[in-house]
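Input: a single structure, listed below in C-alpha cells.
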Amino acid sequence: MAYQFATYEKKGRIAIVTLNRPERMNALHPPSHVELEEIWDDFEQDPDLWVGILTGTGDKAFSAGNDLKYTAEHGRNTARPRASGFGGITSRTWMTKPTIAAVNGFALGGGFEMALSCDIIIAADHARLGLPEPKVGLMAGAGGVHRLPRMIPYKIAMGYILTGRHMTAQEAHQHGIVNEVV
C-alpha cells in the first residue's frame, strides 16, 4: 500500500518506516497519524517482520513532532486522539517486536517521544533531541514526561522537561538515552 506521509519498506525480516514530510521537518499532522497507525498495525501483524526501524526523510530532521503550523491553520479540533498514540507508536505498549529509532537530525517534541518509545536509539552525530513544548505553552503529552525521568536521573530529566532545552546526540548518549552515536 502506498502512503503519502511515510514510506514503509519490508526488507527481509526488517520493516523500515520513514517519516516523509521534509518540507515540515517530518512533523506530523492528523492524516500522517492515520497512516502511521496503519503501518505499525501491519508491522505487528506480519509474522515475517521481526524488527522495526523508524527514521525520517533527509538529514535535517527525524521529526519536529507535532505540526504546529498545520494546527494553527486548521484548528485543534481536526485531531482525534489515536489509541496507539503519537505517530501510531507512543502508546503502543502491547508491541512485542523490537523497534529502533534512527535519529538523523532534530528529534523534538513528539519526534523525541516517538524515539523514546523505541527500544533502541541510534543517533547521527549532528542530531539534537528535546522536549521544547514549554516554550510554546504545551507539555510533552505523548509519554515524554513519563519516559525521560525513568531513563535518566530525575533532576536531569526535569531540567530538560521544564526548560525545553535540547541535548546533543553526545549528551543523550552520555545520559544513556541514545545507544550509539554514528
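The values are calculated or read from the model by the stated rules, or taken from the named source; none is laboratory data. Keep in mind that this is a model prediction, so the values were computed, not measured. Every residue, glycine among them, receives a Cβ derived from its backbone with ideal geometry; neighbour counts consider all protein chains shown.
At a glance:
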quantity	calculated
Residues (closer than 19 Å to Cys118 by Cα, assigned to a loop (DSSP other than H, G, I, E, B) and either among the aliphatic types (A, V, I, L, M) or at pLDDT 95 or above (or both)) located in region 48-74	Leu49, Trp50, Thr57, Ala64
All positions within region 17-38 that are within 23 Å of Thr96 (Cα to Cα) and more than 14 Å from the chain's Cα centre (by Cα)	Val34, Glu35, Glu38
Residue list for region 149-169, filter: farther than 26 Å from Lys69 by Cα and without any contact (Cβ under 8 Å) to a residue 40 or more places away in the chain	Pro149, Arg150, Met151, Ile152, Pro153, Tyr154, Lys155, Ile156, Ala157, Met158, Gly159
Near pairs, Cβ below 7 angstrom, 6+ apart or cross-chain, from region 31-46 (closer than 13 Å to Arg92 by Cβ) to any residue that is of a type outside the set (Ser, Thr, Tyr) and assigned to a helix (DSSP H, G or I)	His33/Gly87; His33/Gly88; Leu36/Gly87; Leu36/Gly88; Glu37/Gly88; Ile39/Gly88; Trp40/Gly88
Members of region 90-108 found to be farther than 16 Å from Thr57 by Cα and at pLDDT 95 or above, listed by number	Lys97, Pro98, Thr99
